[in-house]
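Have a look at the structure below before the remarks.
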Amino acid sequence: MIGTPASAGQTGCWNNPPVETGESKKVLLSAQGLVKTYRHGRVVQAVQGVSLRLVAAEVLAFLGPNGAGKSTCIKMLAGLVEPDGGEIEVLGQRLARNPGIKREIGVVLEGNRNLYWRMTPLENLIYFGRLRGIGYKEARRRSIELLERLDLSEKRNSLVQQLSRGMQQKVAIAAALVHNPRILLLDEPALGLDVVGAESLKRILRELTAEGRAVLIATHQLDIAEALANKVVVLNKGCLVADAKLNELIARFSREVFEIEVGETLSPEVTSKLEAAGALVEQQIISAPGEFADIWPVLALVKDLRVTRVERARASLSGVYLKLLGGEDVSARP
């Protein structure tokens, strides 16, 4: 859902609603009211009262501009940074009281610091498996299986520094999965990937969610977010701006306009009548504002033409994102 403006005397953040929990929702990770402040010569409120939840078999797209607080949130969710305020629960257990529950989380941080470059993919995976308490034989077995699954078997004995960016990202994801966590937190996993690498990443994440894992992906590549996400959370300046299912968010911001496409060139006379009826004509596409019942006069003007398409204009995630960050007041939207 979209947040509501903060009340007087509070920060400029939006008040997001309490996180819902319960077995029926299959919530694997939830955070309530996370706060983090840094003091390096000046006070920086990196995260201000953010709440979210990760649900089994779903991808949550975690969006926001640089400096919005996404990476700080991910580090808090992974137990790498302690929040100044708020609570995190993993599988219903408070992370602060049960640090061992962090084994249910796999994390890939932004950049290249997730792996040892002078080790091979197989050595990296075995090392991280052992670090998480897995016996050597089991860690090796899981590592070999993951490398095969991610099409990296032929590179398992090459140095990580010799691999392409896409392969390095796949090894990093494998390292986050070697202990078989149910929650995966990915910070800019598609950064620097080419088209083939990006498509491979999408396939991998779809497979992981199909297995019942909850995946959070922080990215600036909105096409990847739109292709994968079930839900979208948007941060700006440490504050939650939006928290909604992807299809609901896009529908909410879709223009109340229908597009009518005809299979032939419109005459100047018909074009004039359409414009007089309030429609916009661009070559063979007519944009008519209003609900479906409102566009009958426009349809009547093209009834003798070959109409090939009539559909509601759909907003893209990119368009929604820009509107949210552009300061548009969305609090009144349903």
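The values are calculated or read from the model by the stated rules, or taken from the named source; none is laboratory data. Computed from a prediction, not measured in an experiment: that's the story for all the values here. Using ideal geometry, Cβ is built from the backbone for each residue, glycine included, and neighbour counts are taken over all protein chains shown. Ligands, DNA and RNA are stripped out before the accessible areas are found, and what is left, the full protein with its side chains, is counted by its heavy atoms. Shrake-Rupley method; radii C 1.70, N 1.55, O 1.52, S 1.80 Å.
Results for (1) at pLDDT 95 or above; (2) more than 23 Å from Tyr321 (Cβ to Cβ), shown as yes or no for each residue.
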{"residue": "Leu122", "(1), (2)": "yes, yes"}
{"residue": "Phe128", "(1), (2)": "yes, yes"}
{"residue": "Tyr136", "(1), (2)": "yes, yes"}
{"residue": "Ser143", "(1), (2)": "yes, yes"}
{"residue": "Val160", "(1), (2)": "yes, yes"}
{"residue": "Leu193", "(1), (2)": "no, no"}
{"residue": "Val196", "(1), (2)": "no, yes"}
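Taking into account only those residues within segment 26-41 that are closer than 16 Å to Asp84 by Cβ and surrounded by fewer than 22 Cβ atoms within 10 Å (Cβ to Cβ), which is modelled with the lowest pLDDT? Give the steps one after another, and end with the answer.
Our first condition is that a residue be closer than 16 Å to Asp84 by Cβ; within segment 26-41, this holds for 31-40.
If we keep only those that are surrounded by fewer than 22 Cβ atoms within 10 Å (Cβ to Cβ) as well, we get 32-33, 35, 37-40.
Working: Gln32: 98, Gly33: 98, Val35: 98, Thr37: 97, Tyr38: 93, Arg39: 90, His40: 81.
Here the residue is His40.
With Asn180, Asn157 as the choices, which residue is open to solvent by 70 Å² or more (accessible area, probe 1.4 Å), part of a loop (DSSP other than H, G, I, E, B) and either hydroxyl-bearing (Ser, Thr, Tyr) or under 20 Å from Val59 (Cα atoms) (or both)?
Working: Asn157 fails: either hydroxyl-bearing (Ser, Thr, Tyr) or under 20 Å from Val59 (Cα atoms) (or both).
Matching residue, one of Asn180, Asn157: Asn180.
Six or more apart or on different chains, Cβ atoms under 7 Å: show the pairs whose first residue is in segment 189-201 and under 16 Å from Leu216 (Cβ atoms) and whose second is assigned to a helix (DSSP H, G or I) and open to solvent by less than 90 Å² (accessible area, probe 1.4 Å).
Pro189/Gln169; Pro189/Ile173; Pro189/Leu201; Ala190/Ala198; Ala190/Leu201; Ala190/Ile224; Leu201/Gln169
Is it true that Val298 is surrounded by 15 or more Cβ atoms within 10 Å (Cβ to Cβ) and either assigned to a strand (DSSP E or B) or touching a Cys at 6+ places or on another chain (Cβ under 7 Å) (or both)?
Details: surrounded by 15 or more Cβ atoms within 10 Å (Cβ to Cβ): yes; either assigned to a strand (DSSP E or B) or touching a Cys at 6+ places or on another chain (Cβ under 7 Å) (or both): no.
So Val298 fails the test.
Within segment 210-228, is even one residue of a type in the set (Asp, Glu) and over 16 Å from the mean Cα position of the chain (by Cα)? Outline the logic, then answer.
Of segment 210-228, the ones of a type in the set (Asp, Glu) are 211, 223, 226.
From the residues that got through so far, the ones that are over 16 Å from the mean Cα position of the chain (by Cα) too are 211.
Yes, because at least one residue in segment 210-228 is of a type in the set (Asp, Glu) and over 16 Å from the mean Cα position of the chain (by Cα).
Going residue by residue through segment 273-292, is there one that turns out to be within 31 Å of the chain's Cα centre (by Cα), closer than 30 Å to Gln221 by Cβ, modelled with pLDDT under 85 and outside any strand (DSSP E or B)?
no
Name the single residue, out of those in segment 108-120 being of a type in the set (S, T, N, Q) and open to solvent by 20 Å² or more (accessible area, probe 1.4 Å), that is modelled with the highest pLDDT. Even if it seems obvious, please write down each step before you answer.
To start, the set of residues in segment 108-120 that are of a type in the set (S, T, N, Q) comprises 112, 114, 120.
With open to solvent by 20 Å² or more (accessible area, probe 1.4 Å) added as a condition, the list becomes 112, 114.
Details: Asn112: 66, Asn114: 91.
Result: Asn114.
Could you look through segment 190-199, keep only residues that are more than 17 Å from the chain's Cα centre (by Cα) and assigned to a helix (DSSP H, G or I), and pick out the one that is surrounded by the fewest Cβ atoms within 10 Å (Cβ to Cβ)?
If we take residues in segment 190-199 being more than 17 Å from the chain's Cα centre (by Cα) and assigned to a helix (DSSP H, G or I), then Val195 is surrounded by the fewest Cβ atoms within 10 Å (Cβ to Cβ).
With respect to Ile217, determine if the residue is touching a helix residue (DSSP H, G or I) at 6+ places or on another chain (Cβ under 9 Å) and either at pLDDT 95 or above or not in a helix (DSSP H, G or I) (or both). Write out each step before concluding.
Details: touching a helix residue (DSSP H, G or I) at 6+ places or on another chain (Cβ under 9 Å): yes; either at pLDDT 95 or above or not in a helix (DSSP H, G or I) (or both): yes.
For Ile217, the condition - touching a helix residue (DSSP H, G or I) at 6+ places or on another chain (Cβ under 9 Å) and either at pLDDT 95 or above or not in a helix (DSSP H, G or I) (or both) - is met.
Regarding segment 170-188, can at least one residue be identified that is free of Cβ contacts under 8 Å to residues at least 40 places away in the same chain and within 20 Å of Gly111 (Cβ to Cβ)?
Of the residues in segment 170-188, the ones free of Cβ contacts under 8 Å to residues at least 40 places away in the same chain are 170, 180.
The next check asks that each one be within 20 Å of Gly111 (Cβ to Cβ); those that pass are 170.
Yes, segment 170-188 has at least one match.
If I ask for residues that are out of contact with any Leu (no Cβ under 8 Å at 6 or more places or on another chain), within 14 Å of Tyr321 (Cα to Cα), in a helix (DSSP H, G or I) and open to solvent by 20 Å² or more (accessible area, probe 1.4 Å), which ones from segment 224-256 would you list?
Asn247, Glu248, Ala251, Arg252
Looking only at segment 54-77, filter to residues that are touching a helix residue (DSSP H, G or I) at 6+ places or on another chain (Cβ under 7 Å) and in a loop (DSSP other than H, G, I, E, B); which one of those is least open to solvent (accessible area, probe 1.4 Å)? Steps first, please.
Applying the first criterion (touching a helix residue (DSSP H, G or I) at 6+ places or on another chain (Cβ under 7 Å)) to segment 54-77 yields 55, 57-59, 61-65.
The next check asks that each one be in a loop (DSSP other than H, G, I, E, B); those that pass are 57-58, 64-65.
On the way: Ala57: 52, Glu58: 64, Gly64: 1, Pro65: 38 Å².
This residue is Gly64.
Taking the criterion of being in contact with a strand residue (DSSP E or B) (Cβ under 8 Å, 6 or more places away or on another chain), of a type in the set (S, T, N, Q) and either modelled with pLDDT of 85 or more or farther than 26 Å from Ala31 by Cβ (or both), would at least one residue in segment 246-254 satisfy it?
Quick first cut of segment 246-254, residues in contact with a strand residue (DSSP E or B) (Cβ under 8 Å, 6 or more places away or on another chain) only: 246, 249, 252, 254.
Checking which are of a type in the set (S, T, N, Q) leaves us with 254.
Retained after the next criterion (residues that are either modelled with pLDDT of 85 or more or farther than 26 Å from Ala31 by Cβ (or both)): 254.
The answer is yes; a qualifying residue exists.
Got a sec? Which of Ala46, Ala61 is touching a residue at least 12 places away in the same chain (Cβ under 8 Å) and closer than 19 Å to Ile217 by Cβ? Walk me through how you get there before you give the answer.
Numbers: Ala46 fails: closer than 19 Å to Ile217 by Cβ.
Just one listed residue meets the conditions, Ala61.
For segment 92-106, give me the residue count where each residue is over 16 Å from Val55 (Cα atoms) and in a strand (DSSP E or B). If you could, list the steps in order and put the result at the bottom.
Here is the first cut: in segment 92-106, the residues over 16 Å from Val55 (Cα atoms) are 94-103.
Now drop any that are not in a strand (DSSP E or B), which leaves 94.
Matching residues across segment 92-106 total 1.
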